[in-house]
1. May I ask you to work out the translational diffusion coefficient for segment 72-113 at 25 °C, viscosity 0.890 mPa s, via Stokes-Einstein with Rh from the Kirkwood sum over Cα pairs, reported in whole µm²/s?
2. Considering only Leu223, Leu12, Leu63, give the residue with the highest GNM mean-square fluctuation for the chain, with springs between Cα atoms whenever their separation is below 10 Å.
3. Treat each spin label as a single point 7 Å out from the Cα along the C-beta direction, and report the Ile226 to Ser137 distance in nm.
4. Before I look further, what does the chain give for accessible area per residue, probe 1.4 Å, in whole square angstrom?
5. Taking N as the number of residues in segment 1-115, what value does Rg over Cα atoms divided by 2.2 N^0.38 Å take?
6. Calculate for the chain the 222 nm mean residue ellipticity that helices alone would give, adding -39,500 (n - 2.57) per DSSP H run of length 4 or more and normalising by residue count, nearest 500 deg cm²/dmol.
7. I'm checking a number: the convex hull volume of the Cα atoms of the chain, normalised per residue, in Å³. What is it?
8. Could you work out how far the C-alpha centroid of segment 101-165 sits from that of segment 240-283, in angstrom?
Amino acid sequence: MRPTLPSLINVLVPVKRSIDYAVKIRIASDGKGVDTNVKHSMNPFDEIAVEEAIRLREKDPKLVTSITALSIGPAKAVDTIRTALAMGADSGIHITVPDNTVVEPISVAHAIKKVIEKNKYELVIMGKQAIDDDSGSTGGMLAGMLNWGQASFASKLQVGQEGKVQVTREIDGGLEVLEGKLPMIVTTDLRLNGENSYPLPAVAKRTLSADPTDSSEPRYASLPNIMKAKKKKIETLKPEDLGLDFTPRLETVSVSEPAKRTGGGKVENVDELVAKLKEAALL
């Protein structure tokens with residue numbers, strides 16, 4: 001007998017290894033990118049996605065049967081997957097590429113599609129964008145390739161019986177509520193892990209961040225969970241294993257820093273301000 005839909009939800013969470021948000025970005029010596037010899041960590045929006053997948057299961061253990069973290073990147077991307085596993089994901093998939101390989105959003109979408117077709121996931125929760133390229137296009141392309149429903153910039157996510165999904169998004173001047181059915185792609189906004197997303201068990205609330213009174217951020221992995229993560233399975237694949245070619249379609253011609261700002265000036269009165277604006281052809 002086929003199980004009911006709520007017991008069949010397998011969640012896939014793509015996670016990207018990106019330059020850490022606290023690092024000051026420097027232009028690379030060739031002028032065609034940024035210096036990548038700096039600290040890296042999980043893309044913050046993807047971290048929010050991992051947290052949300054775990055909270056869905058904590059809310060209803062029968063709802064989510066598995067959470068898989070997927071990353072495309074060099075050997076060090078395994079560390080990003082291990083972080084997701086230490087937070088609470090069950091297994092990982094690593095699609096390996098050489099160091100400094102540029103994997104464009106459309107290639108990422110193709111790769112995720114292949115993984116979904118191979119392993120059968122019903123829900124993809126992913127960051128709305130990566131903080132290194134700010135493309136914000138992978139979720140939409142993936143939904144189009146799969147012909148799945150998509151809810152972007154989610155600030156609240158609820159998955160109910162019969163696979164019904166309700167997503168709240170922040171828009172100019174208010175909130176927008178979208179409803180759909182699984183399978184679905186959901187991209188995360190900054191406030192998705194907010195305390196009002198849905199009631200959480202007291203134990204879960206205590207583990208979400210360093211401050212036990214704050215449940216609005218992804219959890220820190222505890223040392224025991226970090227040790228357990230080392231034993232969790234990570235499947236390693238190459239692009240050719242999935243019939244993929246990551247050759248870039250675009251070429252970055254140049255990357256440069258914004259022009260330095262010049263100091264401002266003071267005026268004694270409105271007439272002098274108007275005169276200076278006219279002089280600068282701003283009026």
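1. Details: Rh = 11.1 Å.
In µm²/s, the coefficient rounds to 220.
2. Its mean-square fluctuation being the largest, the pick is Leu223.
3. 3.8 nm
4. Numbers: 16290 Å² over 283 residues.
Per-residue value: 58 Å².
5. On the way: Rg = 16.3 Å, N = 115, 2.2 N^0.38 = 13.4 Å.
Dividing the Cα radius of gyration by 2.2 N^0.38 Å gives 1.22.
6. -7500 deg cm²/dmol
7. Numbers: hull volume 57.3 nm³, N = 283.
Convex hull volume per residue, Cα atoms: 203 Å³.
8. 31 Å
The values are calculated or read from the model by the stated rules, or taken from the named source; none is laboratory data. Quick caveat, the model's predicted, so the values are computed rather than measured. Glycine also receives a Cβ, built like all others from the backbone with ideal geometry; neighbour counts cover every protein chain displayed. Surface areas here come from the heavy atoms of the whole protein model, side chains and all, with no ligands, DNA or RNA. Shrake-Rupley method; radii C 1.70, N 1.55, O 1.52, S 1.80 Å.
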